[in-house]
Each structure stands twice: as structure tokens, then as C-alpha cells.
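Each reported figure results from applying straightforward, stated rules to the coordinates on display, with no laboratory input. Bear in mind the structure is a predicted one, so any value in this text is a computation, not a measurement. We place every Cβ from the backbone using ideal geometry, glycine too, and count neighbours over all the protein chains shown.
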Amino acid sequence: MSLSRRNFLATVGAGSAGIAVFPLISARGREALSAQQPGNPIAQRRADRALSSAPGMIRIDSNENPNGPGARAFEAMRSTFPDANRYPVVLEDELTAEIARTLGVKPENIMLGCGSSEVLRSAVQAFTSPARALVSPSPSFELAADYARFIGTPVKSPRVDAKLRNDLDAMADAAKGAGLVYFCNPNNPTATVHGKAAVAGFVDKVGKSSPQTMVLIDEAYHEYVEDPTYATAIPMALDNPRMFVARTFSKVFGMAGMRVGYAVGRPETIARMKGWMLGSNVNQLALAAAKATVGDTARIADEKKKNHEAKVFTTKAFASMGYEVTPSDANFMMIDIKRDVKAFKAECIKKGVAVGRPFPPLNTYVRVGVGTMAEMQKAVEVFRTTLAG
Ligand SMILES: Cc1ncc(COP(=O)(O)O)c(C=O)c1O
């Protein structure tokens, strides 16, 4: 065995994680394991975010909340700072209890994550394998699919339909024999949503045709939904051990840089994922901020209102340029600009506006996040001149 391969095995350990990853080393070479490699999706995303972090850039590329975490969160972090030298056990319990209280569930239904990203990863790890595929539509939030490929899990990716909605029939078909279905609702990047009945029907169908398959409903953008037929899938997740919900503090709560998310499900479902999570995965200050704001319904309503106004403004501006915005139930929108999105993005970056990266196969669509009204007013002028060129 070569020295470098021996080092790698020592790093991942001799347990099941090492065994799961091993075939990939032979298949792709160990360089593919490095997050710094140019072809690696994490490296690509970092490079993209580094571009959008340039001074003065209008950052509407990553579906973040431009208004930040707010005063309550700041005060909670300030008063918790003296406890930053301690491991965060008590606050973990307190945030869990506060989330449970807000959602009307029990603390044992909640599992905290370092962002919902950690929940998604642990789900892929717990429920898929080389023999049990992941179903993740195309396009959708890629994290689950990227991680599945990394650990050698096959990925089935039914394409969204002509209205850019997740194709639930195709997903249910693909789910037969799969380990996990990733169902992002509303879907990132298309911003389309399915109503309560459609989600329930889908879960029921998968449950009947493939009883071993788990369904993960990612509700990262839940608070922004305006479609009256929509409802959270949390009540279903409390009943059904074959499904669970992921939520995050990165969007409406404005804490993407603080890394807090959670899963909601039955205790036995949570238990299957928990072993893959890092202990003390959320830092003390983030726990305090999340605890102080999770039940702040007035602020959530205000964020939703601001998002709606800036979204309507931007939608009208695109319409005036002759481009239709796909109906959006999130803090971002998809527009068919009928040209290569990569070149459009590069041009907008030069003019100080960072929009979303390309989402193949929708190569002529741009994902535009909703910034503040002032930001969208400036961004729209950049879109106008760029699209006129
Ligand atoms: C649908 C969806 N799920 C999960 C995440 C991950 O969010 P975080 O790890 O910040 O909670 C994102 C981030 O953009 C997302 O769009």
C-alpha cells in the first residue's frame, strides 16, 4: 500500500466511513477527494462566493438575507460572549427546547445541525449506499447529490418539468428501491413550490411503492412561501418514520454565516442520523442568536414583506424588458434570459452585481436573489444594460 493511501485510511479511520469512501479512491484517484481541486463542487462554490464578496458588490447570488440577523440576535450573542470558552451543552438544549416550543413538537423531534447542510449530509450517509440510490431532482440544491457521489452512492436526477416544478411522478418512479429522496420544497434554484396535498400524495405513493425509502423534505425557504395551498410537512414527519424535514436559520433569519439548521422527525428517525453528526456542532454564539429569534414572528413577517416588495419590483422590471420570471415562493427567482447564463453572470460581476451560478441543464436561466429594495433598484439597471447588449 502506498504511503499516501495509508495516510488517507488512517485519516478516515478503519470504520464504516473509511470503507464507504474507499472505492472512490480507486475510481477517481485521491486528488478528487481534495476540496481545493478546481472540479470539486465545494471549491467551485467557494470561488463563486469569493467573487461575490468583493467590496461594493451587490450579493444576490446565494439566497442570503440582506438584512442580517437583527438586534435581538446581536444582543443575545453579546451577552453570551463571556461563555464562549465553554462547550455549548446547555444552550444546545435551550435552543432545541425553543424550536420545539415554536413548532409545537417535542425536543426529541429536533436534531441541531451545523447549518441544514450537516443534516443533509448525515441523511445521505445514514440512508443511502452504493446499493441504495439518492433521488435528487435536476436542478435542485446540489449538496445531497454531491455528497452522495462522493461516498459512492448512485444519484438519480429526474428533470424538473416545463414549469420548472419538481416532477413528482418521475421522482416517485426513481424512488423505487432508492435509499433517500431529496425533495426541496420550495425548490432551489427554481423557487417553485408544491402544495400540502401534492407533498402528502407523493410521500404516500413512495411509501407504498418503495416502503424502505426515506423522504427528506427540505424547507429552507418555508417562511417565504406565499402559495396558499402550501403547508409545512412537519405534522407528517411526526407521524411517519420514513420522512423528515430540514430547516435552517440561514435564510429568513439572516444567519447564513453562523451555521445553524435542524431536522424535525420522529425520534427513531433522528437517531438513525445522529451518529453521523459532529458533537457540539453549533457554536455558543450561534445557539444564543437562534434561540433569541426563532419565535420572533413579527420579524419573520417583516422579512417576508420586504422580500415580497423587492421581488414584485424585480419581477415587473424583468417583464418590462420582455423576460418572464418563473413564479417564485422564495427569496430568489429564476428568469429565462434566452442566452448563456455564464457569460451574463460574468458581465454582471464586472458591473458590481453577483447573480447565481449556472444550474445545468437550465443553461439560459439566471437565478436572481432578492436583496434590499435599494440593491434591486441598482441591480435591475445592470440587468437592463447587460441584456440590451
Ligand atoms: C434548499 C437549501 N437547503 C439547504 C441549504 C443549506 O443551508 P445551510 O447549511 O446554510 O442551512 C441551502 C443553502 O442555500 C439551500 O438552498
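Summary table below
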read-out: The chain: Cα Rg divided by the 2.2 N^0.38 Å rule of thumb; value: 0.99
read-out: Convex hull per residue volume in Å³, alpha carbons only, for the stretch 71-295; value: 112
read-out: Residue-averaged 222 nm ellipticity for the chain, from DSSP H runs of 4+ at -39500 (n - 2.57), nearest 500; value: -14000 deg cm²/dmol
read-out: Alpha carbon convex hull of the stretch 297-389, projected area averaged over orientations, nm²; value: 5.9
read-out: Net charge dipole size for the chain [Lys, Arg +1 and Asp, Glu -1 on Cβ; Debye, nearest 20]; value: 900
read-out: 5 angstrom amide H check on Val353, placed H, neighbours 5+ away; value: Ile58
read-out: Hydrodynamic radius by Kirkwood, which averages 1/r over all alpha carbon pairs of the stretch 47-108, in angstrom; value: 15.0
read-out: Among beta bridges that DSSP assigns inside the stretch 71-295, antiparallel share in %, nearest 5; value: 40
read-out: Stretchable slack from Thr102 to Ala43, in nm (0.36 nm times residue separation minus alpha-carbon distance); value: 17.6 nm
read-out: Kirkwood Rh, Cα atoms: Rg over Rh of the stretch 165-257; value: 0.97
read-out: Those aspartates and glutamates that a straight Cα-Cα span of less than 14 Å connects to Lys176, excepting residues fewer than 8 apart in one chain; value: Asp204
read-out: Within straight-line cross-link reach of Lys106, aspartates and glutamates at Cα separation under 17 Å, skipping those fewer than 8 residues along the same chain; value: Glu92, Asp93, Glu94, Glu98, Asp239, Glu268
read-out: Rough spin-label spacing in nm, given labels placed 7 Å along Cα→Cβ, for Met373 and Gln212; value: 5.5
read-out: Those lysines that a straight Cα-Cα span of less than 27 Å connects to Lys311, excepting residues fewer than 8 apart in one chain; value: Lys163, Lys196, Lys251, Lys338, Lys342, Lys345, Lys350, Lys351, Lys378
